[in-house]
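The numbers here are math on the coordinates, done by the rules we state, and not lab data. It should be emphasised that the depicted structure is a prediction, and the values quoted were computed from it without experimental measurement. Methodologically, a virtual Cβ is constructed for each residue, glycine included, from the backbone with ideal geometry; neighbour enumeration extends over all protein chains shown.
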């Protein structure tokens, strides 16, 4: 059995700022670019998300929704440095790390899970190590599965600080219930086109891509 974990740092830019600056902790924070009143929210803290603020929202709209929102400029150097430290930690668990973005990466935890005892224990160990090395505001959601596609879907289902393991025998349950836009890269016009073809679930998409299997690609 192969175990692939997708490690997704939660509200990454906002979490970096909250960890670095005590006055931002446990408060609604939006990370943006200068001029702060004429751009968009690149990352919203979970305290901000409770007010309905989303990434990509205009800063002035976000301020109207949450007058107490603290909008701060991002620190690209800090974001990149923290990311390199996180991926360095992952490589200590396994040399098989594939970076997806500045705040997401896949890691093959098959071998280390045999040593630690289970993939779930390994995922918890990764979480604890990141918080210990970088600070408690660096939370991540981890999805575990035998494929990259399913591990990413799992990581998206429980935020913040979540952990879900989708076993192979559970694939049909998930695939028949998740809409096609649960897959990375499918949204908007692509989703509408697939829906017009009668393809609404990941199971139906899997049958189109891999006839006879219904399973997602690696």
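So in the chain, what percent of DSSP beta bridges are antiparallel if you round to the nearest 5?
75
By how many nm would the segment from residue 33 to residue 186 grow when fully extended, if each residue of separation counts as 0.36 nm and the alpha-carbon distance is taken off?
Extending this stretch completely gives an extra 52.3 nm.
Only one of the values (1) 1.10; (2) 1.06; (3) 1.31 was calculated from this structure for Cα Rg over 2.2 N^0.38 Å; name its label.
Computed from these coordinates, Cα Rg over 2.2 N^0.38 Å corresponds to label (1).
For residue 40 and residue 200, FRET efficiency with R0 = 30 Å and r from the beta-carbon atoms, rounded to 0.05?
0.45
Could you tell me how many degrees, from 0 to 90 and to the nearest 10, lie between the Cα long axis of helix 148-157 and the main elongation axis, the longest principal axis, of the Cα atoms of the chain?
With both axes taken from Cα atoms, the answer is about 50 degrees.
Show that you can apply the helix-only estimate: for the chain, add -39,500 (n - 2.57) for every DSSP H stretch of four or more residues, divide by all residues, and state [θ] at 222 nm to the nearest 500.
For the chain, the value works out to -12000 deg cm²/dmol.
Pull out a ≥ b ≥ c, the square roots of the eigenvalues of the alpha-carbon gyration tensor of segment 13-74, then state rounded if a/c is under 1.5, prolate if not and a/b is larger than b/c, and oblate in the remaining case.
oblate
For a footprinting-style exposure proxy, rank 22, 139, 33 by other Cβ within 10 Å, fewest first.
22, 33, 139
If you count, for each residue, the other Cβ atoms within 10 Å and average over each peptide, how do 167-177, 188-198 line up from highest to lowest?
For the peptides 167-177, 188-198, the packing ranking is 167-177, 188-198.
What is the spin-label model distance, in nm, from residue 85 to residue 129 if the labels are put 7 Å beyond Cα along the C-beta direction?
Roughly 1.5 nm, to one decimal.
Tell me, how many Å apart are the Cα centres for segment 152-167 and for segment 82-139?
Between the Cα centres of segment 152-167 and segment 82-139 lies a distance of 14 Å.
What relative contact order, as a whole-number percentage, does the chain give when Cα pairs under 8 Å and 6 or more residues apart are counted?
Normalised by residue count, the contact order of the chain is 20 percent.
Nearest 10 degrees is fine. How inclined is helix 119-134 to the longest principal axis of the chain, computing both from alpha carbons?
Result, in degrees: 20.
For a quick protection proxy, order the peptides 77-88, 6-17 by their average other-Cβ count within 10 Å, most packed first.
Highest to lowest by the protection proxy: 6-17, 77-88.
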